[in-house]
Every structure is written in structure tokens, then in C-alpha cells.
Amino acid sequence: MQDLASEKLKTEEGVRASPVKKPTATKFDFMVVSNRLPVDRISDDSGHGADGWRRSPGGLVTALAPMMTKSDGAWVGWHGAPDETVRPFSHEGMDLIPVQLSSDDVELFYEGFSNATIWPLYHDVIAPPEFHRTWWDSYRKVNRKFADAVTRHAADGATVWVQDYQLQLVPRLLRETRPDLKIGFFNHIPFPPPEIFAQLPWRREIIDGLLGADLLGFQRPSDAGNFMRSARRFLGASVKQQQVHVKGPDGEVTHIARAQAFPISIDVAQIRELASNPEIIERAQQIRKDLGNPKTILLGVDRLDYTKGIRHRLKAFEELLADGHIKVEDATLIQVASPSRERVEQYRLLREEIEGTVGHINGTYDTIQNTAVRYLHHSYPVEEMVALYLAADVMLVTALRDGMNLVAKEYVTARSEDDGALVLSEFAGAADQLKQALLINPHDIDGLKSTILRAINLPAKEARRRMKLMRKQILDHDVDHWSAEFLAALEEKVVRDDS
């Protein structure tokens with residue numbers, strides 16, 4: 001890419017951003033589309049009203065950022081502040097195209113339809129989804145905004161990769177306006193079986209929106225299967241193996257949409273580097289010391305979300321204490337629960353319940369020297385997370401439903417000595433790859449309790465065998481492998497079989 005002159009961006013409110021580079025072009029050959037841009041705003045405390053940007057953490061950004069900097073590509077997404085206009089800009093070699101959202105858009109499209117309708121519906125109705133026509137209208141309108149941004153900036157024949165459940169209508173909108181584009185879509189969360197998906201009043205529109213893509217990626221083969229069954233059931237689509245033959249209004253096949261599993265992974269190199277850093281190793285030792293050097297540290301790391309099974313985990317741990325199978329002097333549970341969607345009522349109530357449960361457990365079992373549950377309602381940088389992974393003897397992933405759960409993969413990757421134990425829900429996508437984990441059904445509290453005890457007492461030889469095999473799987477299938485595999489499949493020529 002060419003060197004560019006710097007400029008300061010102005011918003012409608014007069015806010016100034018830090019110096020950034022203008023995009024290199026108005027048309028791009030490769031575009032990523034997601035609900036959020038891969039940057040977060042950082043405020044300047046100088047009092048001059050200047051803001052800057054920093055790259056967001058997370059696997060998706062890590063996987064695609066190098067590709068964006070090397071190619072003539074751009075990332076389309078919301079910049080995070082409602083009722084504010086930001087012009088396209090560049091950050092650390094990535095060209096970024098902000099989509100402007102109003103406060104109503106955030107409330108109705110994001111907090112409403114995306115996270116109070118689609119999220120619970122796609123996670124097996126663990127919480128009841130809400131169906132409101134005003135939310136659906138907003139979802140359609142905002143998806144149109146994202147599609148229009150792509151249409152304006154995509155070069156002829158460009159490749160467009162749309163990300164996740166907030167933007168399920170974008171593939172069809174792009175195909176209608178820009179049939180020259182090669183369109184991929186990846187669903188980061190589960191896709192429900194047709195029996196559950198059937199509840200959605202706009203099920204046909206969602207399936208039709210997704211079928212605008214040439215390639216649909218899912219975390220698990222079962223998710224891809226669920227989608228194809230829904231396409232057949234609700235649209236009458238012709239499905240042959242992993243191919244959906246999409247027909248136009250005249251009944252003729254317009255294109256073939258393929259659906260298959262591409263399980264996402266993590267930035268292995270980053271986690272391994274941090275896990276070998278002497279300062280982080282020392283920090284892990286300090287964490288154990290601060291907890292009184294218990295024999296066993298158990299760790300849970302989750303967003304505070306009802307899909308993560310935090311209540312089930314706490315219940316099992318409390319019963320183990322009550323039964324006398326573990327003692328507070330010997331075992332401590334660290335529960336990191338990162339803040340999540342705190343304006344949504346379901347999440348506010350969940351936080352109150354979890355914090356009440358932790359208070360009850362600690363009030364009952366704590367001693368002057370020992371704490372049963374160290375509860376941390378914070379988000380932590382990756383360096384601190386790796387220190388926690390190194391400090392923990394047992395990792396508890398008890399999700400009731402999870403597209404993948406990258407925390408499980410991060411924990412295994414950090415255990416460079418091939419020690420430790422992973423207790424993993426069979427309802428997390430990671431269970432498909434990490435078959436040597438101690439798999440559990442989180443709804444079976446007695447089974448969960450016995451598996452936690454097994455993990456605590458796992459013989460060193462067995463622990464090494466299990467961890468070595470899981471580490472090899474992750475090292476061979478990191479996040480770069482995931483993105484390269486998806487994009488290579490998107491470029492493949494489809495041979496139509498009309499027989």
C-alpha cells in the first residue's frame with residue numbers, strides 16, 4: 001500500500017480523532033463486514049477533546065488484520081458510538097469504513113433483535129426469545145446500511161466476508177445489488193435445529209438472507225446440518241450434500257450456496273509467547289501465593305451470559321464443599337465473569353443472581369485465611385488471562401450452549417508443560433476438537449461434580465497424555481489456518497450437479 005498523508009477526523013459532534021491515514025482507495029478487492037470495527041476508541045485525558053484508536057483484542061481481528069494490511073482490503077463495521085458520524089480512515093495499515101448507527105438502532109437492532117431475539121433462539125432457548133416487529137424492522141434497516149456501505153466500496157468481482165448473526169440479511173442484499181461479488185458468511189454462534197428455528201416469525205427471510213452467500217461457514221457440522229434442514233423445510237430449497245441450489249423468482253437456479261463447518265481457533269503464537277514470558281510466569285506464581293497456595297486452583301473464564309453455565313458450575317462446587325469432598329483450605333475457584341450487555345434486563349438479573357450465589361457460598365465456607373470463590377466481574381488483558389491459565393490446575397468450561405469457546409483452547413495452549421486438566425461441556429463447539437478433555441453434560445450436576453473431582457485427582461501421566469494430544473490439535477489448527485481454509489474454499493469453483 002502507498003504512504004498516505006495523515007489527517008484528523010471530525011464527527012458531527014465536533015469530536016476529533018487522533019491522526020490517521022486516509023484509505024488508499026475508494027474501491028476494495030477484499031472486504032470484511034462485522035457488527036463492530038476491529039478498533040476501540042481510546043480517550044485522551046489532555047482536555048483537548050482528542051481521541052485515538054487501538055486494535056481490538058479477539059481472534060477474528062488477529063486472524064484477519066495481517067491479511068487486511070497486505071491486501072487491498074477494507075473492514076466495514078460500526079465504530080461503537082451512536083448518533084455520531086466518522087469518515088472512513090486507516091489504522092495500523094487497515095482501511096476502515098464506519099457504519100453510522102443511531103441510539104434507536106442500537107436499542108432495537110443490537111440490544112433488541114440481535115441479542116434478545118436471535119441470541120437466545122440460537123442458543124437452544126435457554127432464555128425465552130422476544131419477537132417484536134419493531135425490532136425486526138430495525139434489523140432489516142441496519143442490515144441494509146451495512147450492505148450499502150459494501151456496495152459503495154467494493155471493486156468489481158471483490159470478495160466479501162460477512163461475519164455473524166447480526167448481519168444475516170446482508171448476503172442476499174449484496175447479491176441483489178452486486179451479483180459480481182463473491183460472498184462468504186461465517187456464523188460464530190450455534191445454528192439451531194429447525195424445531196427451534198421454526199419459532200422465529202421471520203424464519204424464511206433469515207434463511208433467504210443467508211442463502212445470498214456463496215459459502216456459509218459454521219462452527220460444527222451439526223450447525224451446518226441444522227441450517228440445510230431449515231433451508232429445505234422453510235424455503236423448499238433443493239439440498240444435495242453440502243450444497244443448496246438457490247432459485248430465483250423464475251424458478252431457475254441462480255447460484256449454489258455451500259454450507260460446511262470451519263471451526264474457529266486462536267492466535268497460538270501469541271498465547272505460547274506469553275506463557276513463556278518470565279514476568280507472566282512470576283505473575284501466575286503470585287496469584288497462587290495471594291490465594292494462600294491452595295493445593296488446587298479451579299478457573300472459570302466467561303462473559304457474564306446465561307449460556308455459559310456459570311450457575312451450574314457454582315452449584316456443583318458448592319455441593320462438593322457441602323459434601324466434604326473438597327475443603328476450602330485445599331481448593332479455590334476463581335470465576336472471571338466479564339461484563340456483558342448490562343443494559344439488557346436478562347443480563348442484569350443474571351449478575352444479581354451470580355453475585356448472590358457467590359456471596360452465599362463464601363459466607364458459608366470461607367475462613368479467615370481462605371476464600372472459596374474469588375469472583376472477578378472485570379475484563380482483563382490477555383497477559384493477565386494467560387497468568388490465570390498458568391496458575392489454574394483445572395479449567396472449567398460448563399457452557400450450556402456455545403458456538404466454540406476459545407477460552408478452552410487458550411488454556412490448553414498455555415499449558416506448555418502438558419499439565420493441568422480441562423473439564424469441557426459437550427455442548428461447546430470446542431468439544432469436537434478437544435476430544436481428550438474431560439467431557440461433561442453441565443445439566444447433570446452429579447456428573448459434573450464427579451468429573452471435577454476426577455480432574456482434581458487426575459494422575460500426572462494421564463493429564464500429560466490428554467493435554468499433549470489437545471495441544472497438538474490446536475497447534476495444527478490455529479486461527480490463521482481457519483481463515484485461510486475458509487477463504488480458499490470460498491475461491492473454489494463449484495461444479496453444479498443437477499442430476
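The values are calculated or read from the model by the stated rules, or taken from the named source; none is laboratory data. Just so it is clear, the structure is predicted and the values come from calculations on it, not from any experiment. For neighbour counting, all protein chains shown are included, and Cβ atoms are generated from backbone atoms with ideal geometry for every residue, glycine included. Side chains included, ligands, DNA and RNA excluded: accessible areas come from the protein's heavy atoms. Shrake-Rupley method; radii C 1.70, N 1.55, O 1.52, S 1.80 Å.
Key figures
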read-out: Residues being of a type in the set (D, E, K, R), surrounded by 17 or more Cβ atoms within 10 Å (Cβ to Cβ) and either assigned to a helix (DSSP H, G or I) or under 17 Å from the mean Cα position of the chain (by Cα) (or both) - total across segment 88-110; value: 1
read-out: Out of PHE185, PHE197, sole residue that is open to solvent by less than 10 Å² (accessible area, probe 1.4 Å) and without any contact (Cβ under 8 Å) to a residue 60 or more places away in the chain; value: PHE185
read-out: Tally, over segment 230-271, of residues that are among the basic types (Lys, Arg) and crowded, with 17+ Cβ neighbours inside 10 Å; value: 1
read-out: Single unsatisfied condition, ILE474 versus (1) open to solvent by less than 60 Å² (accessible area, probe 1.4 Å); (2) modelled with pLDDT under 95; value: (2)
read-out: Complete set of residues in segment 71-87 that are more than 17 Å from LEU60 (Cα to Cα), out of contact with any helix residue (DSSP H, G or I) (no Cβ under 6 Å at 6 or more places or on another chain) and either open to solvent by 50 Å² or more (accessible area, probe 1.4 Å) or of a type in the set (Phe, Trp, Tyr) (or both); value: ASP72, ARG87
read-out: Complete set of residues in segment 410-428 that are under 21 Å from ILE264 (Cα atoms), touching a Phe, Trp or Tyr at 6+ places or on another chain (Cβ under 9 Å) and of a type outside the set (Val, Ile, Thr); value: GLU410, TYR411, ALA414, ARG415, LEU422
read-out: Inter-residue pairs, beta-carbon under 7 Å, first modelled with pLDDT of 95 or more and in segment 345-373, second charged (D, E, K, R) and open to solvent by less than 80 Å² (accessible area, probe 1.4 Å), 6+ apart; value: ILE361/GLU318; ALA372/ASP366
read-out: Selection status of GLU342, of a type in the set (D, E, K, R), farther than 18 Å from MET395 by Cα, within 22 Å of the chain's Cα centre (by Cα) and at pLDDT below 95; value: yes
read-out: Subset of segment 278-300 (residues that are open to solvent by 50 Å² or more (accessible area, probe 1.4 Å), outside any helix (DSSP H, G or I) and either of a type in the set (A, V, I, L, M) or without any contact (Cβ under 8 Å) to a residue 12 or more places away in the chain (or both)); value: ASN293
read-out: Residue check, THR117 under 22 Å from TYR165 (Cα atoms) and modelled with pLDDT of 95 or more; value: yes
read-out: Filter result (β-branched (Val, Ile, Thr), assigned to a helix (DSSP H, G or I) and under 22 Å from PRO82 (Cα atoms)) within segment 142-174; value: VAL142, VAL150, VAL170
read-out: Single unsatisfied condition, GLN436 versus (1) open to solvent by less than 10 Å² (accessible area, probe 1.4 Å); (2) in a loop (DSSP other than H, G, I, E, B); value: (1)
read-out: All positions within segment 119-137 that are open to solvent by less than 40 Å² (accessible area, probe 1.4 Å) and either outside any helix (DSSP H, G or I) or under 11 Å from PRO190 (Cβ atoms) (or both); value: TRP119, LEU121, TYR122, HIS123, ALA127, PRO129
read-out: Options SER114, SER90: the member that is small (Gly, Ala, Ser) and touching a strand residue (DSSP E or B) at 6+ places or on another chain (Cβ under 6 Å); value: SER90
read-out: Test set (1) more than 17 Å from LEU314 (Cβ to Cβ); (2) touching a helix residue (DSSP H, G or I) at 6+ places or on another chain (Cβ under 9 Å) - LYS449 fails condition number; value: (1)
read-out: Set ALA224, ALA259: member being out of contact with any helix residue (DSSP H, G or I) (no Cβ under 8 Å at 6 or more places or on another chain) and under 20 Å from PRO190 (Cα atoms); value: ALA224
read-out: Cβ pairs under 6 Å, 6+ apart, first in segment 205-224 and closer than 19 Å to LYS141 by Cα and of a type in the set (A, V, I, L, M), second open to solvent by 10 Å² or more (accessible area, probe 1.4 Å) and part of a helix (DSSP H, G or I); value: ILE207/PHE234; ILE207/LEU235
read-out: Some residue of segment 330-344 being loosely packed, with under 12 Cβ neighbours inside 10 Å, in contact (Cβ under 8 Å) with a residue 60 or more places away in the chain and farther than 27 Å from LEU390 by Cβ; value: yes
read-out: Segment 303-328 - residue that is at pLDDT below 95 and not in a helix (DSSP H, G or I) and, of those, nearest to GLY420 (Cα to Cα); value: ARG303
read-out: Only listed residue being modelled with pLDDT under 80, touching a strand residue (DSSP E or B) at 6+ places or on another chain (Cβ under 7 Å) and not polar (S, T, N, Q), chosen from ARG16, ARG36; value: ARG16
read-out: Residue in segment 233-255 that is farther than 25 Å from ALA158 by Cβ and touching a Pro at 6+ places or on another chain (Cβ under 7 Å) present; value: yes
read-out: Contacts under 7 angstrom Cβ, first residue in segment 408-431 being free of Cβ contacts under 8 Å to residues at least 24 places away in the same chain, partner surrounded by 24 or more Cβ atoms within 10 Å (Cβ to Cβ) and of a type in the set (Lys, Arg), 6 or more apart; value: none
read-out: Only listed residue being assigned to a helix (DSSP H, G or I), crowded, with 24+ Cβ neighbours inside 10 Å, touching a helix residue (DSSP H, G or I) at 6+ places or on another chain (Cβ under 8 Å) and of a type in the set (Gly, Ala, Ser), chosen from ALA399, ALA408; value: ALA408
